[in-house]
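The values are calculated or read from the model by the stated rules, or taken from the named source; none is laboratory data. Since the structure is predicted, the reported quantities are computational estimates derived from the model, not experimental observations. Here the Cβ positions follow ideal geometry from the backbone for every residue, glycine too, while neighbour counts run over all protein chains shown.
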């Protein structure tokens, strides 16, 4: 078989494949035997009818056409491997010549990844989420615990965060003839607002005072539909004291937004009294006996959360920045679909190897099948973008896999599967996967280059190392751990030698 490739527009490659008459004959023979075993001819057992008899009934070229139909995709795949093409879609195969006689010529068209041009990517700075919690975040968590354990007391003082107020509201819109009145509406400062600006209008005021604020580009219906009378948490406020949502006349023109004026009077105020910030509070709010222990635990949990978020987002940050530089506005749907199918396949294998059924996993993860598919699809988009930009970076920097690096990867695969390295090389080569292996090595080298030549900072401007960003173990840490282990091993050996010498001395004394 002979094949050649030609680059077309729209990220397509055309392969011209030619199969000689001699190469075609074995496939024709197999096709003949297959068809003859499926057709009953009078006077002959299945599969025993002479070829000329079958050809007289089915036509002289029936076996050849069957062979072409059965093997076209296989020949196309061989041509793809020979030309080291990485398709992202199934090949479209067309027979050009040789349907009846002579060499068979095929036209194979596949879609491939777009090639990106990266320029101006040197000396970049990437801002990523902070890898640890700030003091304000810890204090905020502590304050939430204090609010949860707080109590409400009637107050004539200024309204503050956490206060629960009872107000009468009057809502007037430009396109309404009369205001909508809401009596005895109960609201906790800091909760989701029924009207944007309500909390700001109430803060600092006291019982008996009035307030007013304007909503622009919002209809009465938009805001009043958001009123939620089921979110109140104050223990001494009953649902009966909360007014029911009023019915509103429909807005005649939904496309036009009206300015809305909200006026109100404060009728009651219950201030939130928080417990003192001391060891007694910590003991009541948690399993810890001291406030310091509680603060350290909250800090530790928040740090772990931040590190997890950082490790999950740095790829997005880097990939999106490089994609912006390369002008990658839209991903090929075929590439995303291929990534999605590969990820779904690999995920299914991991679930199967864990001993769980998919249904059980979904139950434990509290997910539906559609939600899981959505998650995998989102990851497929990120991986597709990551793949394209780091291929481009590897190309721009001339980073390629060396024979030694390929052998190292093949050796790892061979070791994990208990086979010879040359067997792995042959299998991957026959499957056309050596090209992908070389690309993955080049992409890893591109990522190494990026970390060596770029800067990563958190939201506060603090510079982060690669190990801070990715969560990988720094080589220096591995080296230190190894030295510590060797030192420990040496000390244990010394102890054993001392004990053995003591035992020998005791034996000598006893024998004397």
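Note on the stretch 195-212: among residues that are more than 11 Å from residue 266 (Cβ to Cβ) and in contact with a strand residue (DSSP E or B) (Cβ under 6 Å, 6 or more places away or on another chain), the one that is modelled with the highest pLDDT is 212. Restricting attention to the stretch 63-95 and to residues that are part of a strand (DSSP E or B) and touching a residue at least 24 places away in the same chain (Cβ under 8 Å), the residue that is farthest from the chain's Cα centre (by Cα) turns out to be 95. If you filter the stretch 298-324 down to residues that are surrounded by fewer than 16 Cβ atoms within 10 Å (Cβ to Cβ) and more than 19 Å from residue 381 (Cα to Cα), you find that the one that is nearest to the chain's Cα centre (by Cα) is 308. Looking across the stretch 1-31, the residues that are surrounded by fewer than 13 Cβ atoms within 10 Å (Cβ to Cβ) and out of contact with any strand residue (DSSP E or B) (no Cβ under 9 Å at 6 or more places or on another chain) come down to 9, 22, 25, 26. Restricting 341, 371, 324, 363 to residues that are without any contact (Cβ under 8 Å) to a residue 40 or more places away in the chain and closer than 30 Å to residue 91 by Cβ narrows the list to 341. Within the set 404, 363, the sole residue that is modelled with pLDDT of 95 or more and either surrounded by fewer than 12 Cβ atoms within 10 Å (Cβ to Cβ) or touching a strand residue (DSSP E or B) at 6+ places or on another chain (Cβ under 6 Å) (or both) turns out to be 404. Condition check: surrounded by 15 or more Cβ atoms within 10 Å (Cβ to Cβ) and more than 17 Å from residue 312 (Cβ to Cβ). Does residue 334 satisfy that? Here the answer is yes, as residue 334 does meet what is asked. Based on this model, can you work out whether residue 128 counts as surrounded by 19 or more Cβ atoms within 10 Å (Cβ to Cβ) and either on the phi > 0 side of the Ramachandran plot or in contact (Cβ under 8 Å) with a residue 40 or more places away in the chain (or both)? So residue 128 passes the test. Filtering the stretch 103-112 for residues that are surrounded by 17 or more Cβ atoms within 10 Å (Cβ to Cβ) and more than 16 Å from residue 17 (Cα to Cα) leaves a non-empty set. Here is the figure for the stretch 161-189: residues that are touching a residue at least 24 places away in the same chain (Cβ under 8 Å), within 41 Å of the chain's Cα centre (by Cα) and under 17 Å from residue 213 (Cβ atoms) total 1. Checked against the criterion of being at pLDDT below 95 and under 19 Å from residue 2 (Cβ atoms), the candidates 15, 54, 24 yield just one match: 24.
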